[in-house]
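Inspection log for the structure reproduced underneath, given as structure tokens.
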Amino acid sequence: MKLIANPRWPKPSINSVNPINLFNSLVAVTVLLGAALNSHATPLHRADVAAQPVWVAHLDVDRLRPTALGQHILSEAQKPEAAARLDVFQNMSGIDPRTQIHGLTLYGTGNSRDNPVMVVYADFDAAKLTTMAKAAKDSRSSTYKDHTIYNWVEGHEKSGKGERAEKRVYAAIAGSRVIFGQREDAVSAALDVLDGKAQNLDKSAAFPELGGPGDTSFIEAAASKLDVPESNPNAAVLRLSKSVRFQVGEADQKVTATLTLEANSEDVANNITSIVQGFTGLMKSRQDRPEAVKLGEAIAIKRDGPRVVATLSLPSSDALQMLKEHSAHKDARRGGGGGKSEN
């Protein structure tokens, strides 16, 4: 979904041992690892987010770890590629993502791809991270109020298959948080929010459901003012929605994912309901894809005025089996070298 894909943070590469590349891949690494050993949660801190974001996404890494899904992800981290990536990252940074990364928050205040920032909640040695930043390619720094913003170039001069074009990354440390962005002014604005010098989401009416005290989701995201290309037929429900909320959690051995779509009117909500029902009906008809049938049957759709709620509820064991089959399929494709590459 675009609300999470907009930042386009670089994917980690096992062929690169540049510690800065690895540090900037924290999103992918942490999702792979699944979390910290601490049992307490690290929910969304609304006061750490700008007051009027277009979209927000939060991964509660601490809350994910004890779930069945989290345990599976941790087991995936023991595979050679992931373990090698972890070893390099830990040796260079002094950070073990399995124990010292607690949460990730990404948000954007506009639809530009280079506008978003990422706030990483972690235990770290600030001096060591600063040394890493200074050692990066074409490293520079600037002073912003009481902070130092470091920036460097990562990627390759030429973009090709499996490579990233060069781009400049900006980062700063604020207490137990590291802020990343692709523009200096975006990082500066995020620092103002964290320092209490700019309005934040906690004092805003935007996305009131996010970060609620009773929310036990390990993933939650929301977006409004969606900029969805007309050329994407699969995003029709997003184009019809004025706001979207997405949550994933696990309780009582069940994984639940909820997609809430808010329309401008009940008539539009009826259209959204029809599209979602058609989509689930198509899944149920795929007799050649048993997993698609199971997913389709696990989705419940409810309309309440202009709001449409689609809820997927699966036993954790079923969700885990699907993940394992997906991982095995990817490993087989990677090992055989055939088929199309997966992004």
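Here, each number is a calculation from the coordinates, and none is a lab measurement. Predicted model only: the values in this text are computed from it and were never measured. Note that each Cβ is placed from the backbone with ideal geometry, even for glycine, and that neighbours are counted across all protein chains shown.
General remarks:
- Euclidean distance between Cα centres, segment 187-221 to segment 234-291, Å: 25
- For the peptides 298-304, 323-329, 101-107, 51-57, residues were scored by their other Cβ atoms within 10 Å and the scores averaged per peptide; the highest-first order is 101-107, 51-57, 298-304, 323-329.
- The residues Leu320, Leu201, when put in order of fewest to most other Cβ atoms within 10 Å, stand as Leu320, Leu201.
- On a per residue basis, the convex hull of the C-alpha atoms belonging to segment 210-343 measures out at 144 Å³.
- The HN-Hα couplings worked out from phi for segment 126-133 by the Karplus form 6.51 cos²θ - 1.76 cosθ + 1.60 (θ = phi - 60°) are 4, 5, 5, 5, 4, 4, 4, 4 Hz, whole numbers, x standing for Gly and Pro.
- Set Lys79/Lys284; Lys167/Lys242; Lys79/Lys324; Lys197/Lys242; Lys79/Lys137 screened for pairs whose C-alpha atoms are more than 22 Å apart: Lys79/Lys284; Lys167/Lys242; Lys197/Lys242; Lys79/Lys137
- Gyration tensor verdict on segment 90-237 (Cα atoms; rounded if a/c is under 1.5, prolate if a/b is larger than b/c, oblate otherwise): oblate
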